[in-house]
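So the structure is just underneath, and the comments pick up after that.
The values are calculated or read from the model by the stated rules, or taken from the named source; none is laboratory data. None of the values given here were measured: they were computed from a predicted structure. Don't worry about glycine lacking a Cβ; one is built from the backbone with ideal geometry, like all the others, and counts go over all protein chains shown. These area figures cover heavy atoms from the full protein model, side chains too; ligands, DNA and RNA do not enter into them. Shrake-Rupley method; radii C 1.70, N 1.55, O 1.52, S 1.80 Å.
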Protein chains: 2
Amino acid sequence: MAEKAGVSLGTVSNAINRPEILAPETLKRVRKAIDELKFIPNASAQTLRAGKTRILGLVVPDISNPFFTDLAKGVNDAALLAGYVVILCNTDEDSEKEDHYIDILAGQNVRGILITPAHETNKRLNEISKRGIGLTLVDRPSIGLDTCSVEVNDAHGGLLALEHLYERGHRKIMCLTGESDIPQVAERERGMREAISRIPKADRPTIITQRIPMMTADSASTVMSEHIAEKGLNFTAVICGNDLVAFGAIRAIRAAGYSIPEDVSVIGYDDIDFAANATVPLTSIAQPKYQLGYAAAELVISECENPEKHAHQKIQFQPHLIVRNSTRSI
Amino acid sequence: MAEKAGVSLGTVSNAINRPEILAPETLKRVRKAIDELKFIPNASAQTLRAGKTRILGLVVPDISNPFFTDLAKGVNDAALLAGYVVILCNTDEDSEKEDHYIDILAGQNVRGILITPAHETNKRLNEISKRGIGLTLVDRPSIGLDTCSVEVNDAHGGLLALEHLYERGHRKIMCLTGESDIPQVAERERGMREAISRIPKADRPTIITQRIPMMTADSASTVMSEHIAEKGLNFTAVICGNDLVAFGAIRAIRAAGYSIPEDVSVIGYDDIDFAANATVPLTSIAQPKYQLGYAAAELVISECENPEKHAHQKIQFQPHLIVRNSTRSI
DNA sequence: CCATATTATTGAAACGATTTAATAAAGAAG
DNA sequence: CTTCTTTATTAAATCGTTTCAATAATATGG
């Protein structure tokens, strides 16, 4: 330690953290020594003493999905502004990996965790809060858990998608989506049912639900190919769980010899940047991805900085429909 | 601490770090207590004692670019395997932000830094190595710096692109790329010159170099629009700095009333997943993105774990051409 | 059954900062 | 010249681990 200045290390600490209590003369001396020695306080020691870092953990199921990339950008930007830094954890929708990462983050003493749980809400999350680590659920409702959450009105998104297709004359609609234990999936389906209930009984469309194990293009493509092979093209439109799924579905439909949107209308979800540039520009339900991440980061940070005054809150954004060429009237 | 097991904390430490020296019976007891108390070792204390963290910093210019997303995934996976964790830093190609992040990472005592410097090699990086922080340059040659690097043969990539267009009859080629102070850009141009030098003098294509301030679709689109407005379509093909730039260029060319590939052939770089699904499936120079990140992480980690035995090395991958529909013969 | 070798466990020091209580020095008041 | 304030600095405790030397317990051999 820099006793080069001829002072005790307590004084050095004061020079850094409460310069006002030092005699101006001493302060100058210490500062000079700090500069000369290029002294940088050891973050681990500070953390150990203080019990708190300035690190956040961001746990997402698939960072390859531009939705989460944009979200991560929002998180990073908000964090940087508040002097925080973000550890990125990619779970590949694997619950075990998710648990493992959560343990690691806890070990790293992260101040807060932002997570989009891959499946139904993770039990480990309860312990997180108890450990005094801030927690905010991203793009997931906080069912059962006493935490903050930032979400998009998924029921409304489902409703928008269905109404759009109904208005264009579609009556046999496939819903290509994830497992029903994902709250988000359930919510969108609820929204679709709501839309259907508003339609005169005789004219109601039928829904074919086809679940895929992972929300990726490959997974979607495989399932769609199998479906068509088994049951033929028994639908005129597809509502997809996200845009990547839509790309996969489109690939499979084309491979089976059909075209988009002539034979099948396809609607995506998220409105990632590429949706506009896709082979067939994709109709999609847009979500404010960056803002979602930004707001979530602000939430945890506020929780971390002010645990007593903090009241858990839920921020909900509204999705909206972007019509492009992948859907058409029949 | 878990003296629930009725042992000293030294024994707990041993149970975790050198289980073989404990009596099997004691070990069992301690492990039970660890499970029950959900004990997770405090990383700050470990770090303080050991003098080293298990955190890596990854600094990239644009995490929205799928190239870097895939790379980040590779880094994350390799890091996880070695028990490391990654702090993600997105610089938006801004040198100041880059410097700021490097300082933050140094303050966090990261064990190693993986960086793709936005511009010419950053001076701050020299200090990094001196501080005992591992350093590996990703997708950039380590000019002047004494570090490891993982790169792709950019000269060869440039050569491949140019040869491809030349073979298809293009003699007026625009090169839509970044500032020449980016080593990578310079290398690719060198490769293109090399390709040209192999062509009989009379038949050599002319190159119109158009530089863009940022490697994004928007930036590319703006520059391309202006170019066409000013000078018309004075080229038959475009070699782009990356696939996003290619998308931007295509957008602008179409907005000016021309079509791809009928009027202009466009070739991208990186071969991001989406290139295959683009409006016009994009011809591109593929790079092993994930492997690049994975190898880079392995390199820093090896440097970190074995500083004395470590010899800096350069790993170079080869790019290859993927031909799709955005380029054609004239 | 004692002396010695072996094994298992523990106690205490160390890592590098922050913080609080104690001390030293200087100034003001009586 | 004391005594009391005020201000400036320091010493020591603390955070949660790891590690090494020391001790306790057990086994082995003579």
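Scanning region B:20-54 for residues that are within 9 Å of DNA strand D (Cβ to nearest atom) and touching a residue at least 12 places away in the same chain (Cβ under 8 Å) gives B:Phe39, B:Pro41, B:Thr47.
On the given criteria, is A:Tyr290 crowded, with 20+ Cβ neighbours inside 10 Å and of a type outside the set (S, T, N, Q)?
Numbers: crowded, with 20+ Cβ neighbours inside 10 Å: no; of a type outside the set (S, T, N, Q): yes.
Spelling it out, it is not the case that A:Tyr290 is crowded, with 20+ Cβ neighbours inside 10 Å and of a type outside the set (S, T, N, Q).
Inspection of region B:240-247 identifies at least one residue that is assigned to a strand (DSSP E or B) and in contact with a helix residue (DSSP H, G or I) (Cβ under 8 Å, 6 or more places away or on another chain). Are any of the residues in region A:23-33 out of contact with any helix residue (DSSP H, G or I) (no Cβ under 7 Å at 6 or more places or on another chain), within 30 Å of A:Asp77 (Cα to Cα) and not small (Gly, Ala, Ser)? So far as region A:23-33 goes, no, none of its residues is out of contact with any helix residue (DSSP H, G or I) (no Cβ under 7 Å at 6 or more places or on another chain), within 30 Å of A:Asp77 (Cα to Cα) and not small (Gly, Ala, Ser).
I'm checking my understanding of the structure. Among residues of region A:120-129 that are within 12 Å of chain B (Cβ to nearest Cβ) and modelled with pLDDT under 85, which one is most open to solvent (accessible area, probe 1.4 Å)?
Restricting to residues being within 12 Å of chain B (Cβ to nearest Cβ) and modelled with pLDDT under 85, the top hit is A:Lys123.
Taken over region A:33-56, the criterion of being more than 8 Å from chain B (Cβ to nearest Cβ) and either over 26 Å from B:Ala43 (Cα atoms) or touching a strand residue (DSSP E or B) at 6+ places or on another chain (Cβ under 9 Å) (or both) is satisfied by A:Ala33, A:Ile34, A:Asp35, A:Glu36, A:Leu37, A:Arg54, A:Leu56.
Of all the listed residues (B:Arg324, B:Arg328, B:Arg251), the sole one being charged (D, E, K, R), outside any loop (DSSP other than H, G, I, E, B) and open to solvent by 40 Å² or more (accessible area, probe 1.4 Å) is B:Arg251. Regarding B:Ser8, is this residue modelled with pLDDT under 95, open to solvent by 40 Å² or more (accessible area, probe 1.4 Å), out of contact with any Gly (no Cβ under 6 Å at 6 or more places or on another chain) and more than 16 Å from DNA strand D (Cβ to nearest atom)? Criteria not met by B:Ser8. In region A:123-141, is there at least one residue being outside the structural domain of A:Pro213 (by TED's automatic domain parsing), in contact (Cβ under 8 Å) with a residue 60 or more places away in the chain, more than 14 Å from the chain's Cα centre (by Cα) and part of a strand (DSSP E or B)? Scanning region A:123-141, I find at least one residue that is outside the structural domain of A:Pro213 (by TED's automatic domain parsing), in contact (Cβ under 8 Å) with a residue 60 or more places away in the chain, more than 14 Å from the chain's Cα centre (by Cα) and part of a strand (DSSP E or B), so the answer is yes. Residues of region A:220-235 that are assigned to a loop (DSSP other than H, G, I, E, B) and open to solvent by less than 40 Å² (accessible area, probe 1.4 Å): A:Gly232, A:Phe235.
Kindly check whether there is at least one residue in region A:135-149 that is within 12 Å of chain B (Cβ to nearest Cβ) and open to solvent by less than 30 Å² (accessible area, probe 1.4 Å).
Scanning region A:135-149 turns up no residue that is within 12 Å of chain B (Cβ to nearest Cβ) and open to solvent by less than 30 Å² (accessible area, probe 1.4 Å).
Listed here are the strands (runs of 3 or more DSSP E) enclosed by region A:30-119 that have at least 2 residues being at pLDDT below 95 and surrounded by 22 or more Cβ atoms within 10 Å (Cβ to Cβ), and there are none. Just one of the listed residues (B:Val85, B:Val75, B:Val59) is touching a Leu at 6+ places or on another chain (Cβ under 8 Å), closer than 25 Å to A:Phe68 by Cβ and facing another protein chain (nearest Cβ under 9 Å), namely B:Val85.
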